[in-house]
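What follows is a set of notes on a single structure, which appears directly below.
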Amino acid sequence: MPFGQLVVGPPGSGKTTYCWGAYQFLTAIGRKVSIVNIDPANDHIPYPCAVNIADLITLDDVMDEFGLGPNGGMMYCMEYLEKNLDWLIEKLKPLKDDYILFDFPGQVELFTHHNSVKNILEQLQKINYRLVTVHLVDAHYCTDPAKFISVLLLSLKTMLQLELPHVNVLSKVDLIETYGKLNFSLEYYTEVMDLSYLLESLNADAFGKKYQSLNKALCELIEDFSLVGFYTLCVEEKDSMAKLQQVIDKAGGFVFGALTEGNESIMLTAMKSGNWQHEDVRDVQEKWIDNDNNADEDTENEALQGNIGGMGGIINRAVDKRSNRFGASKEFTENDVPRRIM
Ligand SMILES: Nc1nc2c(ncn2[C@@H]2O[C@H](COP(=O)(O)OP(=O)(O)OP(=O)(O)O)[C@@H](O)[C@H]2O)c(=O)[nH]1
Ligand SMILES: [Mg+2]
């Protein structure tokens, strides 16, 4: 019974980077992981790719052959994969019970109303795959009320369409403040608290003022479903990654293992191992948002130690020593990683 994650989200939300980071993290804690690239436009794959859809079809070929644009071409690719699902299933067979990370394309309609991905997932579940959707959206959407409403709707529609255990994630939370000040605390956005406050901000805007009834109806719709909430992620920070993986393992049932013979005690271990809370969002806020006083000092320290950017990091930028991220020239090792999610 293979377990895995379906990594989805709008273009550029960090899916490929996350797959690479999660691969390193999970491998370091001793899990056997394989990544399957389902994005036919993924030209630069940073991770070891066990299965690559490009061996079946590429977006460029489809666009050339049928004169389609990138969006139509991507739809065609997913329909083609659905029709040739045997190809994927054959390729998955040698991976046996590896934990699979599926790196999907970023075109959102594939997950909101087009049915090919949904049908592919149904088939994978029929052959016993236990999948969790990990839906990444860029944290910078929190800085604009209209954009935040749109990601709430997107997240809700994706949850309803895919009908899988689902974890919504605000990615790149380390960059959140570079796009502007938040109107509310980070917790307001992650918990999707009383949207009447957001409505006020929406209606205050010259454009939003014209659509007050629509804004109200959208907020009510999201509140009526009451399904959407977010966890946060900075992909290079090991605590952030560890805590997110705990949430995902719990959502998908991995914590209970495959319940094969001799594995019964895993239930006890998983429940005892304890702190299932995600990182307190107030700590995340303190680290990435209320940190103006520390920022200059840290940049100075990094410059002194020549520790900026680097080849081994997952994303190519400065390393923050306030937190214990994996670091620019350092990949995860077993010793780095909290053991409790094993
Ligand atoms: N600062 C920061 N940058 C990130 C993080 N995660 C991803 N990025 C950057 O975001 C950019 C886009 O990341 P990708 O992983 O290519 O995003 P994607 O969702 O796979 O993009 P598409 O496949 O084109 O839809 C890259 O420059 C990454 O380095 C993060 O946690 N923090
Ligand atoms: Mg990608």
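The values are calculated or read from the model by the stated rules, or taken from the named source; none is laboratory data. For clarity, every value in this text was computed on a predicted model and none was experimentally measured. Heads up, the Cβs are rebuilt from the backbone with ideal geometry, glycines too, and the neighbour counts pull from every protein chain shown.
Do we have any residue at all in segment 120-136 that's among the charged types (D, E, K, R), in contact (Cβ under 8 Å) with a residue 12 or more places away in the chain and either within 30 Å of GLY208 (Cα to Cα) or not in a strand (DSSP E or B) (or both)?
no
Going residue by residue through segment 17-34, is there one that turns out to be within 15 Å of ligand 2 (Cβ to nearest atom), in contact with a Leu (Cβ under 9 Å, 6 or more places away or on another chain) and of a type in the set (S, T, N, Q)?
no
Would you please list the contacts, defined by Cβ atoms under 7 Å and residues six or more apart or on different chains, that run from a residue in segment 164-185 that is within 20 Å of LYS15 (Cα to Cα) to a residue that is small (Gly, Ala, Ser) and away from ligand 1 (no atom under 12 Å from the Cβ)?
Every condition considered, the pairs that remain are PRO165/ALA251; PRO165/GLY252; VAL167/ALA251; ASN168/SER155; ASN168/GLY229.
Go through segment 26-53 and report how many residues are within 16 Å of ligand 1 (Cβ to nearest atom), surrounded by fewer than 19 Cβ atoms within 10 Å (Cβ to Cβ) and more than 19 Å from the chain's Cα centre (by Cα).
Looking only at that region, the number is 2.
Does any residue in segment 44-57 that is in contact (Cβ under 8 Å) with a residue 24 or more places away in the chain and outside any loop (DSSP other than H, G, I, E, B) come within less than 7 Å, Cβ to Cβ, of a residue that is more than 15 Å from ligand 2 (Cβ to nearest atom) and not hydrophobic (A, V, I, L, M, F, W, C) six or more places away or on a different chain, and which pairs are these?
These pairs meet every condition: ALA50/SER34; VAL51/LYS91.
Quick one: is TYR23 surrounded by 16 or more Cβ atoms within 10 Å (Cβ to Cβ), within 13 Å of ligand 1 (Cβ to nearest atom) and part of a helix (DSSP H, G or I)?
yes
Among the residues of segment 32-61 satisfying the criterion of being modelled with pLDDT of 95 or more and among the polar types (S, T, N, Q), which is nearest to VAL8 (Cα to Cα)?
ASN37
Failed condition for ILE89, given (1) crowded, with 16+ Cβ neighbours inside 10 Å; (2) out of contact with any Gly (no Cβ under 8 Å at 6 or more places or on another chain); (3) of a type in the set (Val, Ile, Thr), with all others met?
Among (1) crowded, with 16+ Cβ neighbours inside 10 Å; (2) out of contact with any Gly (no Cβ under 8 Å at 6 or more places or on another chain); (3) of a type in the set (Val, Ile, Thr), ILE89 violates only (1).
Test each condition in (1) crowded, with 18+ Cβ neighbours inside 10 Å; (2) at pLDDT 95 or above; (3) more than 16 Å from ligand 2 (Cβ to nearest atom) for GLY9 and report the one that comes out false.
Just one mismatch for GLY9, condition (3).
Given (1) surrounded by 17 or more Cβ atoms within 10 Å (Cβ to Cβ); (2) of a type outside the set (Gly, Ala, Ser); (3) out of contact with any helix residue (DSSP H, G or I) (no Cβ under 8 Å at 6 or more places or on another chain), where does GLN125 come up short, assuming only one miss?
Tallying (1) surrounded by 17 or more Cβ atoms within 10 Å (Cβ to Cβ); (2) of a type outside the set (Gly, Ala, Ser); (3) out of contact with any helix residue (DSSP H, G or I) (no Cβ under 8 Å at 6 or more places or on another chain), GLN125 fails exactly one: (1).
Where residues in segment 1-20 are part of a helix (DSSP H, G or I) and aromatic (Phe, Trp, Tyr), which of them is nearest to CYS234 (Cα to Cα)?
TYR18
Just wondering, is there one or more residues in segment 159-176 that are charged (D, E, K, R) and at pLDDT 95 or above?
yes
Among the residues of segment 104-134 satisfying the criterion of being of a type in the set (Phe, Trp, Tyr) and under 21 Å from GLN245 (Cα atoms), which is nearest to the chain's Cα centre (by Cα)?
PHE104
Quick one: how many residues across segment 135-165 are over 17 Å from the mean Cα position of the chain (by Cα) and within 19 Å of CYS234 (Cβ to Cβ)?
1
What is the number of the single condition among (1) under 23 Å from the mean Cα position of the chain (by Cα); (2) surrounded by 14 or more Cβ atoms within 10 Å (Cβ to Cβ); (3) within 16 Å of ligand 1 (Cβ to nearest atom); (4) farther than 23 Å from LEU154 by Cβ that LEU101 does not meet?
(4)
Among GLU220, GLU200, which is the only one that is at pLDDT 95 or above, exposed (fewer than 14 other Cβ atoms within 10 Å of the Cβ) and more than 15 Å from VAL132 (Cβ to Cβ)?
GLU220
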